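Student: One structure, as structure tokens, below. Some questions next.
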Amino acid sequence: MQVEWLQHSGTADEVTVIFGGWALGPTPFAHLQGPQDVLFVQDYRDLSTTLPDLGCYARTTLLAYSFGVASYAHWQASNPDPFDIKIAVNGTLTPVNRTTGIPPVAMEKTIETLSPQAYQVFLARCFGGKQDRAEIDVEARKAELIAIGERGDAPAVQFDHIWISTKDKIMPPANQLRGWQGQSEHVTQIDAPHVPFARWSTWQEVIGL
């Protein structure tokens, strides 16, 4: 995993840790405002990385997004739980699954056909419209998808709030709803694409509690 501070004041009493989505980086979250420190995690080829000590914060919040949901749950199985609040967005604990995740055929096609051109199509599907050209390390991101698939279903984790986008063209909304049947009281559906963060301007709105 790669871990980096997006915001680190040294005086904040709260921290939000983002387990981000595949190949999107921190950009979807860059506009969100709030007083807390923000730590960003990506690249799930290897989950052996530890997080910085978060014990100095009065409140710690997890935002797990897309494949970051299952990746966090796998990571958590081998690490102490540092979080007071856990939020999931457009992901499930069964990341590659015909009925509760991304269908295996879609995952296989993504791996087989990944290229700079295919990545632009992926971005358009994520954001619900054409995006500026972005770079991708094709072999590294293929390896990450393979690792996520081989890791399989994640251990059970309870989330305090679960956002599901009704216009998600990456992880089917119906699959997400089935994937969270055991935690359906925490689910909120929103009219948004797979990357829904443009609808919010503050971290407090995303946390939604």
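The values are calculated or read from the model by the stated rules, or taken from the named source; none is laboratory data. What you see is a predicted model, and the numbers here were worked out from it, not measured in a lab. As a convention, Cβ positions derive from the backbone with ideal geometry for all residues, glycine included, and neighbour counts pool all protein chains shown. In case anyone asks, the SASA skips ligands and DNA or RNA and just uses the protein heavy atoms, side chains included. Shrake-Rupley method; radii C 1.70, N 1.55, O 1.52, S 1.80 Å.
Let's see how each residue does on (1) within 19 Å of Ile102 (Cβ to Cβ); (2) surrounded by fewer than 20 Cβ atoms within 10 Å (Cβ to Cβ):
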residue: Phe159; (1), (2): yes, no
residue: Ser165; (1), (2): yes, no
residue: Lys169; (1), (2): yes, yes
residue: Pro172; (1), (2): yes, yes
residue: Gln176; (1), (2): yes, no
residue: Gln181; (1), (2): yes, yes
residue: Ser184; (1), (2): no, yes
residue: His194; (1), (2): yes, no
residue: Gln204; (1), (2): no, yes
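Student: Okay, moving on. Looking at (1) in a helix (DSSP H, G or I); (2) open to solvent by less than 30 Å² (accessible area, probe 1.4 Å); (3) farther than 15 Å from Trp22 by Cα, find the lone condition where Leu145 falls short.
Tutor: (3)
Student: Restricting to the stretch 168-209, and then to whatever is of a type in the set (S, T, N, Q) and closer than 19 Å to His31 by Cα, can you tell me which residue is modelled with the lowest pLDDT?
Tutor: Checked the stretch 168-209; the qualifying residue modelled with the lowest pLDDT is Gln204.
Student: Take the stretch 103-158 and flag every residue that is in contact with a helix residue (DSSP H, G or I) (Cβ under 9 Å, 6 or more places away or on another chain) and polar (S, T, N, Q).
Tutor: Of everything in the stretch 103-158, those that are in contact with a helix residue (DSSP H, G or I) (Cβ under 9 Å, 6 or more places away or on another chain) and polar (S, T, N, Q) turn out to be Thr110, Ser115, Gln131, Gln158.
Student: So, one more: What pairs come out if I take residues in the stretch 141-156 that are over 12 Å from Asp46 (Cα atoms) and touching a residue at least 12 places away in the same chain (Cβ under 8 Å) and pair them with residues that are open to solvent by less than 40 Å² (accessible area, probe 1.4 Å) and among the hydroxyl-bearing types (Ser, Thr, Tyr) whose C-beta lies under 7 Å away, six or more apart or interchain?
Tutor: Filtered contacts from the stretch 141-156: Asp153/Thr94.
Student: What's the number of the condition Ala198 fails, among (1) among the aliphatic types (A, V, I, L, M); (2) part of a helix (DSSP H, G or I); (3) more than 18 Å from Leu63 (Cα to Cα)?
Tutor: It fails just one condition, (3).
Student: Is it true that Gln131 is open to solvent by 30 Å² or more (accessible area, probe 1.4 Å), polar (S, T, N, Q) and in contact with a Leu (Cβ under 6 Å, 6 or more places away or on another chain)? Walk me through how you get there before you give the answer.
Tutor: Working: open to solvent by 30 Å² or more (accessible area, probe 1.4 Å): yes; polar (S, T, N, Q): yes; in contact with a Leu (Cβ under 6 Å, 6 or more places away or on another chain): yes.
For Gln131, the condition - open to solvent by 30 Å² or more (accessible area, probe 1.4 Å), polar (S, T, N, Q) and in contact with a Leu (Cβ under 6 Å, 6 or more places away or on another chain) - is met.
Student: Which ones in the stretch 138-193 are within 26 Å of Ser48 (Cα to Cα) and of a type in the set (Asp, Glu)?
Tutor: Across the stretch 138-193, the qualifying residues are Glu139, Glu144, Glu150, Asp153, Asp160.
Student: Within the stretch 1-109, considering only strands (runs of 3 or more DSSP E) that don't extend past its boundaries, which have at least 3 residues that are β-branched (Val, Ile, Thr) and open to solvent by less than 40 Å² (accessible area, probe 1.4 Å)?
Tutor: Values: elements: 2-7, 14-19, 37-42, 59-65, 85-89.
By residue number, 14-19, 85-89.
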